[in-house]
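Here is the structure we will look at.
Laboratory data are not the source of any read-out in this text; all were calculated from the coordinates shown. Every value quoted in this text rests on a predicted model; they were computed, and no experiment measured them. When we count neighbours, we look across all protein chains shown, and the Cβ atoms used for this are built from the backbone with ideal geometry, even at glycine.
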Amino acid sequence: KRPAGAPDKALARKVTKVGIVGAGLMASQLALLFVRRLDVPVVLTDLDQERVDKGVGYVHAEIDKLLAKGRVNQDKANRLKGLVSGAIDKAEVFADVDFVIEAVFEEMSVKKSVFADVEKVVSPECILATNTSSLSITEMAADLEHPERVVGFHFFNPVAVMPLLEIVRGERTDDATLATAFATGRSLKKTTILVKDSPSFIVNRLLGRFMGEVGRIVDEGTPVPVADGAFAGVAPMPPFMLLSLVGPAIALHNNETLHRAFPDRFYVSPALERVVAARKSSYYGPDGGIDPE
Ligand code: CAA
């Protein structure tokens, strides 16, 4: 059954090679998903060789885990590893890609300049997908020569496990792009939904309200472990553990975006700001443990 709002699948174009901009936490999880489910070449790009090597190394290590669990056989593991590569210079490796997804720093100017660079080296039909979790697709596409091929393709962490994919249509996204996004999402074995191009889409907008309120509880003096403990058996993961999984900087950025858009409804926690300012990866653990006071 066609998901609500999805165009006719006959319009979808086949994806034969994927380019990923970024080789960090989300980007390397995306590389694993794309190579595993589409079985096509996937090339990761980043600013320096160290990051690229780390991203490719992550994918290889995860394929080894799949092999150890018996989810893929040795031949398939070898083939999948051979399909994943990394590069710094996009010009050569992106010349024949037909689907690019970016998962770089969550900042509009950075994402716009990534797409402007990519547009110079890919074909006019190549899809430009963004894994942004909160920013406007229409704005991201606005200055491009071909804004009709830009689409939001928002995954959740851990990418291998979370079933949902939010697909976002910008004002100028065309039907062929959207149909390709839905067909690709299905091939990736995700549940695809079409969401409006509004701040933080659906899931992160809801999560922003939830995390804002839990942040307020901690800011009012409840210790983090007590707040987390209150969720035992209620949610799949306690809120501050989830915040550490997602990354405090991303969570803060999400709440700031939502607060700007809907100031009366969204709360930006000073404790969360302190965690991010101190470059901690969580509220607790060896790298965390801030005093919520
Ligand atoms: N990376 C990859 N795979 C992972 C993983 C990770 N970080 N964590 C767990 N898994 C895999 C495990 O390997 C295991 O796979 P197999 O069945 O193949 O062995 C499977 O997930 C289940 O793991 P566990 O049994 O160890 O753990 P669990 O039952 O406690 O489930 C969880 C783990 C699925 C992560 C669960 O805790 C959960 O659903 N947490 C909530 C996650 C969530 O809400 N994510 C959305 C965050 S918001 C976001 O991402 C949006 C954004 O833009 C910021």
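Which peptide among 204-216, 57-69 comes first, and what is the full order, when sorted by highest mean count of other Cβ atoms within 10 Å?
Numbers: 204-216: 19.2, 57-69: 15.6.
The most tightly packed comes first, giving 204-216, 57-69.
Which order results if SER123, SER281, SER109 are arranged by neighbouring Cβ count within 10 Å, fewest first?
With the sparsest Cβ surroundings first, the list reads SER109, SER123, SER281.
Binned at 5 Å from 0, what are the whole-percent values of the Cα-Cα distance distribution for the range 203-277, short to long?
Reading upward from the zero bin: 3, 17, 29, 28, 16, 6, 1.
Could you tally up the Lys pairs in the range 9-195 with alpha carbons closer than 17 Å? Skip any pair fewer than 8 positions apart unless they're on separate chains.
The number of close lysine pairs in the range 9-195 is 15.
Which of the peptides 157-165, 20-28 is most tightly packed, and how do the rest follow, going by the mean number of other Cβ atoms within 10 Å of each residue?
Numbers: 157-165: 14.2, 20-28: 23.9.
The densest-packed peptide leads the list: 20-28, 157-165.
What do you get for the angle between helix 108-121 and the principal long axis of the chain? Use alpha-carbon atoms, 0 to 90 degrees, nearest ten.
Approximately 10 degrees, to the nearest 10.
By DSSP, what percent of the beta bridges with both residues in the range 121-196 are antiparallel, rounded to the nearest 5?
On the way: 4 of 12 bridges.
Expressed as a percentage, antiparallel bridges in the range 121-196 total about 35.
In nm, give the distance between the simple-model label positions of ASN78 and LEU47, each being 7 Å from the Cα along the Cα-to-Cβ direction.
In this crude label model, ASN78 to LEU47 measures out at 3.8 nm.
What are the ³J(HN,Hα) values, in whole Hz, obtained from phi via the Karplus relation 6.51 cos²θ - 1.76 cosθ + 1.60 with θ = phi - 60°, for each residue of the range 207-221 in sequence order, with x given for Gly and Pro?
Whole-Hz 3J(HN,Hα) from phi for the range 207-221: 5, x, 5, 5, 5, x, 6, 5, x, 5, 4, 5, 4, 7, x.
Pairs of Cα atoms under 8 Å, at least six residues apart: use those to get the relative contact order of the chain, whole percent.
Values: 513 pairs, mean separation 47.0, N = 293.
In percent, rounded to a whole number, it is 16.
I'd like the antiparallel share, as a percent to the nearest 5, of DSSP beta bridges with both residues in the chain. Spell out each step's value before the answer.
On the way: 4 of 28 bridges.
Counting DSSP beta bridges with both partners in the chain, the antiparallel share is about 15 percent.
Taking only Cα atoms, what is the 0 to 90° angle, nearest 10, from helix 175-187's long axis to the longest principal axis of the chain?
Tilt of helix 175-187: around 70 degrees.
Calculate I(q)/I(0) for the range 9-195 by the Debye formula, one identical point scatterer on each C-alpha and no solvent, and give its log10 at q = 0.10, 0.15 Å⁻¹ to two decimals.
Reported log10 I(q)/I(0), two decimals: -0.35, -0.81.
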